[in-house]
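J.: One structure is given below, represented as structure tokens, and several questions about it will come after.
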Amino acid sequence: MVPWPFGKMRITFLWLLASLVLNPCHGQGKKSQFGIKTGVNVSTFSASINSDASSLIGFHLGAYMKAPIQGNLFFRPELFFSSQGQKDNYKYVPNGPSAGSTTTTVNYLNFPMLLESGRRVSLQVGPQLGILLSGHEKGTIGGQAVNDDLKEVMKSTDFSFLFGLAVNASEHLHVGARYQLGLSNIFAKPQSGPVDFPSIKNRVFHFFLGFSF
């Protein structure tokens, strides 16, 4: 079950997307564009526990719609799969020798709802709802293999804010980059363990190539 307010937010997102699909013409008689997109993610988390963190390279793949509102202002809902996470080098003590390393990979189905402004170069900003599909940590710590399913200790939803730029190389082809600023803690706080267990949020640089029809 998706907790409030995320359940209500997801319903609102889907309602807006459906309304645009059913009404493809907006803004001064211009028609909506549909497209596909793919690209590379460079991601980390906002905090780590007993480790030195480094970026993980992932990917994303999905679709979008670009609906004119007025002039050079557009509404751009998207739906895409995103693989992200981070690498951790664990320490026995701070600044001490390595105790091993792991790679944490989390996969989301993301629903951004963006406003896009501009023609040749455009600014994209807006909220994003992420639905967790899976989470795993794999590696070695203290000579012991680690292969943990994290989904049971992670929250089912993630709320973020996106901002970035896109360059429209032609009528149908565009490239761009965004930053995903995670706003919600993606892990459930443990019932036992360190009292100061940090809030961990997603941080993702998102480089994409899109083609519209």
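J.: Mind giving me the FRET efficiency for residue 199 and residue 50? R0 is 22 Å, r the Cβ-Cβ distance, nearest 0.05 is fine. Write out the running numbers ahead of the final one.
T.: Details: r = 16 Å, r/R0 = 0.73.
The pair residue 199/residue 50 has a calculated efficiency of 0.85.
J.: Normalised by the residues of the range 37-84, what does the relative contact order come to in percent, with Cα pairs under 8 Å and at least six apart?
T.: Values: 78 pairs, mean separation 18.8, N = 48.
After rounding, I find 39 percent.
J.: In terms of Cα to Cα distance under 20 Å, which lysines are near enough to residue 30, apart from those fewer than 8 places away along the same chain?
T.: 66
J.: Pull up all non-local amide H partners of residue 150: gap of 5 or more, or a different chain, and H-to-H distance under 5 Å with H placed in the peptide plane.
T.: The answer is 135, 136, 137.
J.: Explain nothing, just compute: Karplus ³J(HN,Hα) = 6.51 cos²θ - 1.76 cosθ + 1.60, θ = phi - 60°, for every residue of the range 206-213 in order, whole Hz, x for Gly and Pro.
T.: Result, rounded to whole Hz: 10, 10, 9, 10, x, 9, 9, 9.
J.: Within a Cβ distance under 15 Å of residue 75, other residues only, what is the Lys/Arg minus Asp/Glu net charge?
T.: Numbers: positive: 30, 31, 66, 76; negative: 78, 116.
Computed value for this residue: +2.
J.: List the lysines whose Cα lies under 18 Å from the Cα of residue 87, skipping any in the same chain that are fewer than 8 positions away.
T.: Result set, ordered by chain and number: 138, 151, 201.
J.: If R₀ is 41 angstrom, what is the calculated FRET efficiency for the pair residue 120 and residue 153, using the beta carbon separation as r and rounding to 0.05? Mind dumping the intermediate values first?
T.: Details: r = 45 Å, r/R0 = 1.11.
My answer for the efficiency is 0.35.
Every number here is computed from the coordinates shown, using simple stated rules; none is lab data. Fair warning: this is a prediction, and the values are worked out from it, not measured in the lab. Neighbour counts are summed over all protein chains in view; Cβ atoms, including those assigned to glycine, are modelled from backbone coordinates with ideal geometry.
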